[in-house]
Amino acid sequence: MNIAAKSSFVLNRRHLLGIEGLSHAEITGLLDLSEEFVALNRQVEKKRTSLRGRTQINLFFESSTRTQSSFELAGKRLGADVMNMSVNSSAMKKGETLIDTAVTLNAMHPDILVMRHHASGAVELLSQKVDGSVINAGDGAHEHPTQALLDALTIRRNKGRIEGLIVAICGDILHSRVARSNIILLNTLGARVRVIAPSTLLPPGIERLGVEVFRDMREGLADADIVMMLRLQRERMNGSFVPSVQEYFAYFGLDSTKLAYAKPDALVMHPGPMNRGVEIDSAVADGAQSLIREQVEMGVAVRMAVLEALSRNLPNA
Amino acid sequence: MPSDRRPMLLANARVVDPSRDLDFPGDVLIADGVIREAKRGIGAAGVPQGAEIVDCKGRIVAPGLIDMRAFVGEPGAEHRETLATASLAAAAGGVTTIVCQPDTNPVIDDHAIVDFILRRARDTAIVHVAPMAALTKGLEGREMTEIGLLKSAGAVAFTDGARSVTNAQVMRRAMTYARDFDALIVHHTEDPDLAGEGVMNEGEFAARLGLHGIPKAAESIMLERDMRLVALTDGRYHAASVTCAESLDVLRRAKDAGLSVTASASINHLTLNEIDIGPYRTFFKVAPPLRAEEDRMAIVEALASGLIDVVMSDHNPQDVETKRLPFAEAAPGAIGLETMLTAGLRLVHAGQIDLIQLLRAMSTRPAEILGLPGGTLRPGAPADLVVIDPDLPWVLDPEELKSKCKNTPFDEARMTGRVVRTVVAGRTAYEYA
């Protein structure tokens, strides 16, 4: 059985480079379209033909498991030819500049380029040099728009709304593209966004992005509906940004004691991959309030929706 | 033993309480380890039965001193000083709280060591001991310590002891992180590259002695950097040992700008200068080095005005193996727990500073800066106090000093005024026979 698309939502843009600049209507349109794909993905027959004939290249300069595989699966389920290029095999490793790589790939006429890069702004730079659509799969500490969309979809499905919810984003805000995209998206949809972190992991000026800033989990989690944990990278744990894993977990690791500060029906999210015992306790990550596995499921649906909505705007669509 | 905790009336005293700016003839009543009253004429009627009555004969009763910088060798250098011997020296000097430094072996950079110090102090010391913890792991200046866990274990401040954190990024992050825990950073400001091979103050006397000098800029540059980092991070900062006029200018500007900055000067820098080194006397080798007389006078003036908040002993016991060496090779440091107050009285007798201001810098201010309960004679405060005879003449005999090491720059000096009784938590910890 093939479910015909009910939503005719079109993203009237060539690229999806970030959440910044997306309107309330565009975000809601993408989330509504995603709902259809959630249903589709739960069937035996998961294929659509809307991207038939299209070429999608996943260009990952940073290793990724879930984002890359979910973009690959999303493209394939929509009928596109999907090619993965990772940094290990790419010409970039041999010294080619980003622009030269872009020009080379562009000559192969891809319709959609999904790109992740360790430098903020690299995806936008690439988008200026290619003819197809570019989707940002994470650039430096700037944006990761599909993550924010999948988080929003997960919240909306569990809470029925986003407007008015208190969402606490906890952990390494300084280095997190997930945090930035989520702050923008959640504010656009009317949530109250908080960030909780030690000051060393907060970019100075963050309060200007429309968030309430907390340095204490007890205060920051009070009355929160959603607790969104962020990954702390190993090289930042031992004295440079925080003194140790032990101290970080003691003050900022989400365990059941700290989760109890939030609302009784608060839900826990994590973009993955998790460091159990660093930013999150296993009992919480695997507990009844955790949405972490559901987030992964929503990831495929949201990426299908983004590919579909952008492709409807491509020439000759 | 309930008997030595019986109530005590310190009668006929000159009560000096810098925390309330009080200096009046009166009595002080203590019971159950706390100060009950400090007022004019408590009289026999107000005294509980069985109280010990001490006739102070007009001598000064003041809050016990809090020495904000004292090196104690425990753990790792027990041959130089233990918590027990340091506490005996402290009690004899009127110091009721020793703030010990983390440059021990192992370094106090782990909460288990803070716990060790507190337990050892409880079991062996006759005065209070409040440890500072390391600011960076192993005092290496690279990675910050577990400031949150260390503070909750009982560390009162964070410092790398006699070392400076040269990496500004490390200092910035440590200040930023410490602010979240309202933790105080205490920093020894001496640029090690600029100090170089130096062993005494740079200038004429170093030139005459043929010793490498340490420029004052080694201190003021590091302090200036720190003031800008404090402005950037909004942290709480204490300059561990200010020694020269240039640094005072930096400090004044920072305080005028409203930064959370305080500063200590050591008793050595307030009472001695580079000329005291004379013929290579290594007991006068301290870090930072003794400066010129103009600097000493500027520091005294800054103490009088309150620009310098705290006077500390910089107690640093060194034995003959480390001191009986050519000047350049000798270890820096002088003991001071026992002599800090009596040396400070020199400034009072010389009319350079008021008694109450000196006592404030040795008790009330350290308590306020470190968040400790003492430093006051307010009713309800811990019964940590000192009885001082300000005019008693005596000659300092190093053999009578309680410290394990005898490296005092006041060797055989004539002193005027001394501690005659020290009370810690309501018990007499020292009495001058």
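Near the amide H of B:Arg421, within less than 5 Å, lie the amide hydrogens of B:Val387, B:Tyr432, all on another chain or at least 5 residues away, with H placed in the peptide plane. Residues of the range B:143-168 whose accessible area (probe 1.4 Å, heavy atoms of protein chains only) drops by at least 20 Å² once all protein chains are present, relative to their chain alone: B:Glu143, B:Met144, B:Glu146, B:Leu149.
At a probe radius of 1.4 angstrom, the accessible area of chain A per residue rounds to 40 square angstrom. Using θ = phi - 60° in the Karplus curve 6.51 cos²θ - 1.76 cosθ + 1.60, the 3J(HN,Hα) couplings for the range B:288-304 round to x, x, 4, 9, 6, 4, 4, 5, 4, 5, 5, 5, 4, 4, 5, 5, 4 Hz; x is entered for Gly and Pro. For chain A, taking the reciprocal of the average inverse distance between every pair of different Cα atoms yields a Kirkwood hydrodynamic radius of 20.0 Å.
Applying 1/(1 + (r/R0)^6) with R0 = 35 Å to the Cβ-Cβ distance of A:Gln128 and A:Arg293, what FRET efficiency is obtained, to the nearest 0.05?
Numbers: r = 38 Å, r/R0 = 1.07.
FRET efficiency, A:Gln128 to A:Arg293: 0.40.
Each label point was placed 7 Å from the Cα along the Cα-to-Cβ direction; for A:Ser7 and B:Asp115 their separation is 5.4 nm. Evaluating 6.51 cos²θ - 1.76 cosθ + 1.60 at θ = phi - 60° for every residue in the range B:326-337, the Karplus couplings come out as x, 3, 5, 8, 6, 6, x, x, 9, 6, x, 3 Hz, glycine and proline recorded as x.
Accessible area per residue, 1.4 Å probe, Å², for the range B:64-369: what's the number? Could you put the intermediate results ahead of the total?
Working: 10270 Å² over 306 residues.
So the range B:64-369 comes to 34 Å² accessible per residue, rounded to a whole number.
Placing +1 on the Cβ of every Lys and Arg and -1 on the Cβ of every Asp and Glu, with no other charges, gives the range B:47-134 a dipole of roughly 300 debye about its Cα centre.
Shown for the protein assembly as shown: the carbon plus sulfur share of the solvent-accessible area, taken with all protein chains present and a 1.4 angstrom probe, equals 50%. Once whole DSSP H runs in chain A are found, which of them have Cα atoms spread over 27 Å or more along the helix axis and a mean Kyte-Doolittle score of at least 0.5? Flagged H segments are A:292-311.
Residues of the range A:172-209 that lose at least 30 Å² of accessible area (1.4 Å probe, protein heavy atoms only) when the other protein chains are present, relative to their chain alone, are A:Ser199, A:Thr200. Using alpha carbons only, how many degrees (0 to 90, rounded to 10) separate the axis of helix B:340-349 from the longest principal axis of chain B? For B:340-349 against chain B, the angle is about 80 degrees.
If packing is taken as the mean number of other Cβ atoms within 10 Å per residue, what is the order of A:281-293, A:145-157, B:381-393, highest first?
Numbers: A:281-293: 15.8, A:145-157: 25.5, B:381-393: 22.3.
Highest mean packing first, the order is A:145-157, B:381-393, A:281-293.
Shielding value for A:234-241 is 3, the average number of Cβ atoms from other chains within 10 Å of each residue's Cβ. Once the gyration tensor of the Cα atoms in the range A:161-317 is diagonalised, the equivalent ellipsoid follows with semi-axes of 27, 17, 17 Å, ordered largest first.
For chains A and B, what's the summed buried accessible area, probe 1.4 Å, to the nearest 100 square angstrom? Don't skip to the answer; put the middle values down first.
Details: alone 13340 and 16850 Å², together 28810 Å².
Answer for the A-B pair: about 1400 Å² buried.
What the Cβ-Cβ distance of B:Glu197 and B:Glu294 gives, at R0 = 22 Å and to the nearest 0.05, is a FRET efficiency of 0.35.
Residues whose amide H comes within less than 5 Å of that of B:Gly213, counting only those at least five positions distant or on another chain, are B:Val199 (H built at 1.01 Å from N in the peptide plane). For a distance above 29 Å, tell me the whole-number percent of Cα pairs in the range B:64-369 that qualify. In whole percent, the share of Cα-Cα pairs in the range B:64-369 beyond 29 Å is 29.
Close amide-amide hydrogen proximity is noted between A:Met237 and no other residue 5 or more places distant or on a separate chain, at a cut-off under 5 Å (H modeled in the peptide plane; Pro and chain starts excluded). Taking chain B as a Gaussian network of alpha-carbon nodes connected by springs under 10 Å, the highest mean-square fluctuation of the residues B:Gly375, B:Gly64, B:Gly148 belongs to B:Gly148.
Comparing each chain alone with all protein chains together (probe 1.4 Å, DNA, RNA and ligands left out), none of the residues of the range B:214-260 loses at least 40 Å² of accessible area. As a calculated quantity, the FRET efficiency between B:Arg20 and A:Glu235 at R0 = 51 Å, using C-beta atoms, amounts to about 0.45. Legend: Rg and Dmax of the protein assembly as shown, from Cα coordinates, 33.5, 106 Å. For chain A, modelled as a GNM whose springs connect Cα atoms under 10 angstrom apart, the maximal fluctuation among A:Val123, A:Val300, A:Val44 occurs at A:Val44.
The values are calculated or read from the model by the stated rules, or taken from the named source; none is laboratory data. Note that the structure is predicted; figures quoted are calculated from it, not measured. Note that we place each Cβ from the backbone using ideal geometry, even for glycine, and neighbour counts take in every protein chain shown. Please note that ligands, DNA and RNA were not included when accessible areas were found on the heavy atoms of the full protein model with its side chains. Shrake-Rupley method; radii C 1.70, N 1.55, O 1.52, S 1.80 Å.
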